[in-house]
Amino acid sequence: AFVKHHLLHDYLERLLMIIGMSGAGRGIDEICYVDCFAGPWGDESEELQTTSIAISLKIMEKCAEGLRAMGRAPKFRALYVERHPAAFERLQTYLNGRSPAHIETRALMGSFEDLRPQILKWCGSRAFTFFFIDPKGWKPARLSVLKPLLRRPRSEFLINFMYDFVNRTVPQTQFESEIGDLLGNIQELESLKSLSPISREKHIVRAYRKNLKMNMDSRMPRS
């Protein structure tokens, strides 16, 4: 969690400032952030300071203030998706009481997979959108699940790829179709078994990234 949040903090701020400054020439006047598995988890305080929820809102608030000082004022919006009722209640309470004044926030309760049409509708077609995809397992990161988002233009993705879980699942024949969906080529699964641990990890991660990029809209998405 520490590594993910550190990466989110360092990368997201730079990205939003770049998009905020350069977006005017491309007709981007709105920046959206979508946390597809928001929680909160692992922080029992009301402030939720160590969660991606609080971290992302603080970054967006800082970027909005910085861009206004430079004469740019894109609209910032944030969407948080959570399926567990208790976590969602905490999420909703936090957003209602602690959302920055200049950031429009919304929470959706339910499965990320089920809510994909609503998520895309909320994003609209013109805004730049950053998708933070941090599931507890690997199945929500499969191509068949992410494809509608990957084909959205003006998008960027930070995906937590649960390699250890994938690595343990690859040898299990009952999951061949799901692993093929994840990596893009089920024919390569047999060859993975003969690779060294380091080579196997590199091969799996490379195959996953290639599978994502082959199905992205060519106009801007990156992961």
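Mind listing whichever residues of the range 176-200 are more than 19 Å from Met214 (Cα to Cα) and either at pLDDT 90 or above or among the β-branched types (Val, Ile, Thr) (or both)?
Correct list: Ile198, Ser199.
What number of residues within the range 20-50 satisfy the criterion of being open to solvent by less than 10 Å² (accessible area, probe 1.4 Å), closer than 20 Å to Ile159 by Cα and not small (Gly, Ala, Ser)?
7
Could you give every pair whose Cβ atoms fall below 6 Å, whose first residue belongs to the range 145-160 and is at negative phi, and whose second residue is open to solvent by 30 Å² or more (accessible area, probe 1.4 Å) and modelled with pLDDT of 95 or more, counting only separations of at least 6 or pairs across chains?
Short answer, once both residue conditions are applied: Val145/Glu113; Pro148/Arg116.
What are the residues in the range 150-175 that are in contact with a helix residue (DSSP H, G or I) (Cβ under 8 Å, 6 or more places away or on another chain) and surrounded by fewer than 15 Cβ atoms within 10 Å (Cβ to Cβ), if any?
Tyr163
Determine, yes or no, whether Arg98 is farther than 30 Å from Arg26 by Cα and among the basic types (Lys, Arg).
Considered against the rule, which asks whether it is farther than 30 Å from Arg26 by Cα and among the basic types (Lys, Arg), Arg98 comes out as yes.
For the subset of the range 100-116 comprising residues that are open to solvent by 90 Å² or more (accessible area, probe 1.4 Å) and in contact with a helix residue (DSSP H, G or I) (Cβ under 9 Å, 6 or more places away or on another chain), which member is nearest to Arg90 (Cα to Cα)?
Met109
As an exercise: evaluate Ala86 against (1) at pLDDT 95 or above; (2) within 30 Å of Lys202 (Cα to Cα); (3) surrounded by fewer than 16 Cβ atoms within 10 Å (Cβ to Cβ); (4) among the hydrophobic types (A, V, I, L, M, F, W, C) and give the number of the one condition it does not meet.
(2)
Among the residues of the range 120-144 satisfying the criterion of being part of a helix (DSSP H, G or I), open to solvent by 30 Å² or more (accessible area, probe 1.4 Å) and in contact (Cβ under 8 Å) with a residue 24 or more places away in the chain, which is farthest from Asn167 (Cα to Cα)?
Filtering first and then ranking leaves Leu120.
The values are calculated or read from the model by the stated rules, or taken from the named source; none is laboratory data. This structure is a prediction, so every number in the text was calculated from the model and none was measured. Glycine gets a Cβ as well: all are built from the backbone with ideal geometry, and neighbour counts include every protein chain shown. When the accessible area is computed, the model is the full protein with side chains, heavy atoms only, and any ligands, DNA or RNA have been set aside. Shrake-Rupley method; radii C 1.70, N 1.55, O 1.52, S 1.80 Å.
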